[in-house]
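Asker: Below is a structure I'd like to ask you about.
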């Protein structure tokens, strides 16, 4: 068996065995079992909650035993985790603030949807075409707790708890699509069922899956690729904007996300240790993914849904094409074609974007010789990040699906992003005016995270 086949037919035995044991030992339907598990997972709010967690009285014994064993085996950080590098990554994420969300929307997520099999799983679940905001906000609900101060290392943080929930969600998706534990599924097609699809669980269960052609859903190779989109593609995006980090800071960011990958169940030998290795691995995994098409191709619809979610939050008509243009710029021609982002765009918007990117990069490179923290490009990216973060992710009528204590931490963190600490006061005032917000000083101030 080739290395490619080994990775695509390998999933996450710890999480998969946990879900399989719960479903097999539950006296009732699998839908009732999943609902019961989801109620228990709601108790996992902080890292302290998952350390030594015990199921409450009345929990079915097989379910209690499986979840307690899962947490005991999965909640510890790896021995190679470096607290100093994790802390530095947290500082970088907080310092980049609103710009981090622009890169998430216009680089990390689009590149994630380029791989056909990954797009296929999302298509089966209907999470992006029909529920784009839910999918994006679910991603943010993991990223914020992970990257906030102490998210991975303090009892009060919530990163580990959120990752372990996501890990079980992946296992549940695999179990439903394959109708059993992935370790027991033959490498052949799981036939579709002609049955009602009342919810996402029914849709997953009824869809069918060609294991021989597509590998296991959410397999190790796809998880490793997804991890690359959250650290390497983020860092690559900064470089393409002329805002690349120092080598040691890039290394710290990669390291922190590798720790996330370990808790998420990704094999260590699939993780990258530097930007050169990350670039090579990304190209290789993306090429292998493209070589195995998922038909019908779900990627154009996914790309359109993601772009529309961003455009809906931009008030000015001339600026509405900017998410598409920025995604093209950050992801390149191949991703543009994969996601069908090659549609004609208003000429004036194109000229404005091109002139803006070209002129700002040129001005930034000259002015930074005298003022190292100066960057018009960072200011523009932060303006768009503000629209996406405040109006989309932090909409008070649709709060992120997080425990109240974590949601409060996220809200405080986002509020602290009001002003750019690297920019002069006049640039912060201009940014606030263009973004339609008050400066932190005018708003009464809040402490940075």
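The values are calculated or read from the model by the stated rules, or taken from the named source; none is laboratory data. All values derive from a computational prediction rather than experimental measurement. Note that each Cβ is placed from the backbone with ideal geometry, even for glycine, and that neighbours are counted across all protein chains shown.
Asker: What about residue 54, is it outside any helix (DSSP H, G or I), in contact with a helix residue (DSSP H, G or I) (Cβ under 8 Å, 6 or more places away or on another chain) and surrounded by fewer than 13 Cβ atoms within 10 Å (Cβ to Cβ)?
Answerer: Details: outside any helix (DSSP H, G or I): yes; in contact with a helix residue (DSSP H, G or I) (Cβ under 8 Å, 6 or more places away or on another chain): yes; surrounded by fewer than 13 Cβ atoms within 10 Å (Cβ to Cβ): yes.
Here the answer is yes, as residue 54 does meet what is asked.
Asker: So residue 155 fits all but one of (1) within 24 Å of residue 92 (Cα to Cα); (2) in a helix (DSSP H, G or I); what number is the exception?
Answerer: Every listed condition holds for residue 155 apart from (2).
Residue-wise test of (1) crowded, with 16+ Cβ neighbours inside 10 Å; (2) part of a helix (DSSP H, G or I).
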| residue | (1), (2) |
| --- | --- |
| 251 | yes, yes |
| 254 | yes, yes |
| 260 | yes, yes |
| 265 | yes, no |
| 273 | no, no |
| 278 | yes, yes |
| 284 | no, yes |
| 287 | no, yes |
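Asker: Do any residues in segment 49-62 that are touching a residue at least 40 places away in the same chain (Cβ under 8 Å) have Cβ atoms under 7 Å from those of residues that are part of a helix (DSSP H, G or I) and surrounded by 10 or more Cβ atoms within 10 Å (Cβ to Cβ), where the two are at least six apart or on different chains, and which pairs are they?
Answerer: Partner pairs satisfying both residue conditions: 49/161; 50/71; 50/160; 50/161; 50/164; 62/21; 62/22; 62/25.
For every residue, the table says whether it meets (1) modelled with pLDDT under 70; (2) within 29 Å of residue 307 (Cα to Cα); (3) not in a loop (DSSP other than H, G, I, E, B).
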| residue | (1), (2), (3) |
| --- | --- |
| 354 | no, yes, yes |
| 364 | no, yes, yes |
| 390 | yes, yes, yes |
| 400 | yes, yes, no |
| 443 | yes, no, no |
| 447 | yes, no, no |
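Asker: Restricted to segment 73-83, and to residues that are without any contact (Cβ under 8 Å) to a residue 12 or more places away in the chain and either over 25 Å from residue 153 (Cα atoms) or over 23 Å from the mean Cα position of the chain (by Cα) (or both), which residue is surrounded by the most Cβ atoms within 10 Å (Cβ to Cβ)?
Answerer: Going through segment 73-83, the residues without any contact (Cβ under 8 Å) to a residue 12 or more places away in the chain turn out to be 76, 79-80.
If we keep only those that are either over 25 Å from residue 153 (Cα atoms) or over 23 Å from the mean Cα position of the chain (by Cα) (or both) as well, we get 79-80.
Details: 79: 6, 80: 10.
Checked segment 73-83; the qualifying residue surrounded by the most Cβ atoms within 10 Å (Cβ to Cβ) is 80.
Asker: Looking only at segment 291-311, which residues are more than 22 Å from residue 357 (Cβ to Cβ) and surrounded by 15 or more Cβ atoms within 10 Å (Cβ to Cβ)?
Answerer: To start, the set of residues in segment 291-311 that are more than 22 Å from residue 357 (Cβ to Cβ) comprises 291-302, 304-305, 308-309.
Scanning segment 291-311 gives 292, 294, 297, 298, 299, 300, 301, 302, 304, 305, 309.
Asker: So, of the residues in segment 87-107 that are at pLDDT below 80 and closer than 17 Å to residue 322 by Cβ, which turns out to be surrounded by the fewest Cβ atoms within 10 Å (Cβ to Cβ)?
Answerer: By that ranking, first place goes to 98.
Asker: Sticking with this one: Could you grab me the full set of residues in segment 170-189 that are surrounded by fewer than 18 Cβ atoms within 10 Å (Cβ to Cβ) and farther than 18 Å from residue 267 by Cα? First the steps, then the outcome.
Answerer: Going through segment 170-189, the residues surrounded by fewer than 18 Cβ atoms within 10 Å (Cβ to Cβ) turn out to be 179-180, 183-184, 186-189.
179, 180, 184, 186, 187, 188, 189 - these are the residues of segment 170-189 that are surrounded by fewer than 18 Cβ atoms within 10 Å (Cβ to Cβ) and farther than 18 Å from residue 267 by Cα.
This table checks each residue for (1) part of a loop (DSSP other than H, G, I, E, B); (2) over 17 Å from residue 349 (Cα atoms); (3) modelled with pLDDT under 90; (4) under 22 Å from the mean Cα position of the chain (by Cα).
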site: 294; (1), (2), (3), (4): yes, yes, yes, yes
site: 300; (1), (2), (3), (4): no, yes, no, yes
site: 305; (1), (2), (3), (4): no, yes, yes, yes
site: 308; (1), (2), (3), (4): no, no, yes, yes
site: 313; (1), (2), (3), (4): yes, no, yes, yes
site: 318; (1), (2), (3), (4): no, no, yes, no
site: 323; (1), (2), (3), (4): no, no, yes, yes
site: 329; (1), (2), (3), (4): no, no, no, yes
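Asker: Looking at 219, 258 in this structure, which one is closer than 21 Å to residue 173 by Cα and touching a helix residue (DSSP H, G or I) at 6+ places or on another chain (Cβ under 9 Å)? First the steps, then the outcome.
Answerer: Working: 258 fails: closer than 21 Å to residue 173 by Cα.
Only one candidate qualifies: 219.
Asker: Just wondering, is there one or more residues in segment 334-348 that are in a helix (DSSP H, G or I), over 30 Å from residue 220 (Cβ atoms) and without any contact (Cβ under 8 Å) to a residue 40 or more places away in the chain? Quick ask: steps written out before the conclusion?
Answerer: Taking segment 334-348 first, the residues in a helix (DSSP H, G or I) are 334-338, 347-348.
Retained after the next criterion (residues that are over 30 Å from residue 220 (Cβ atoms)): 347-348.
Restricting the remaining residues to those that are without any contact (Cβ under 8 Å) to a residue 40 or more places away in the chain gives 347-348.
Looking for residues that are in a helix (DSSP H, G or I), over 30 Å from residue 220 (Cβ atoms) and without any contact (Cβ under 8 Å) to a residue 40 or more places away in the chain, one finds at least one in segment 334-348, hence yes.
For (1) in contact with a helix residue (DSSP H, G or I) (Cβ under 7 Å, 6 or more places away or on another chain); (2) part of a helix (DSSP H, G or I), each residue gets a yes or a no:
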site	(1), (2)
76	no, no
89	yes, yes
92	yes, yes
95	no, yes
107	yes, yes
111	yes, yes
119	yes, yes
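Asker: Within segment 185-200, how many residues are modelled with pLDDT under 85 and either in a helix (DSSP H, G or I) or more than 25 Å from the chain's Cα centre (by Cα) (or both)? Explain how you work it out, then say what you get.
Answerer: Within segment 185-200, the subset modelled with pLDDT under 85 is 185-189, 197-200.
Adding the requirement that they be either in a helix (DSSP H, G or I) or more than 25 Å from the chain's Cα centre (by Cα) (or both) leaves 185-189, 197-198, 200.
So the answer is 8.
Asker: From the set of residues in segment 1-30 that are outside any helix (DSSP H, G or I), at pLDDT below 90 and under 26 Å from residue 282 (Cβ atoms), which is farthest from the chain's Cα centre (by Cα)?
Answerer: Filtering segment 1-30 for residues that are outside any helix (DSSP H, G or I), at pLDDT below 90 and under 26 Å from residue 282 (Cβ atoms), the one farthest from the chain's Cα centre (by Cα) comes out as 1.
Asker: Could you say whether any residue in segment 126-139 is modelled with pLDDT of 80 or more, surrounded by 24 or more Cβ atoms within 10 Å (Cβ to Cβ), within 12 Å of the chain's Cα centre (by Cα) and not in a loop (DSSP other than H, G, I, E, B)?
Answerer: Checked segment 126-139: no residue is modelled with pLDDT of 80 or more, surrounded by 24 or more Cβ atoms within 10 Å (Cβ to Cβ), within 12 Å of the chain's Cα centre (by Cα) and not in a loop (DSSP other than H, G, I, E, B).
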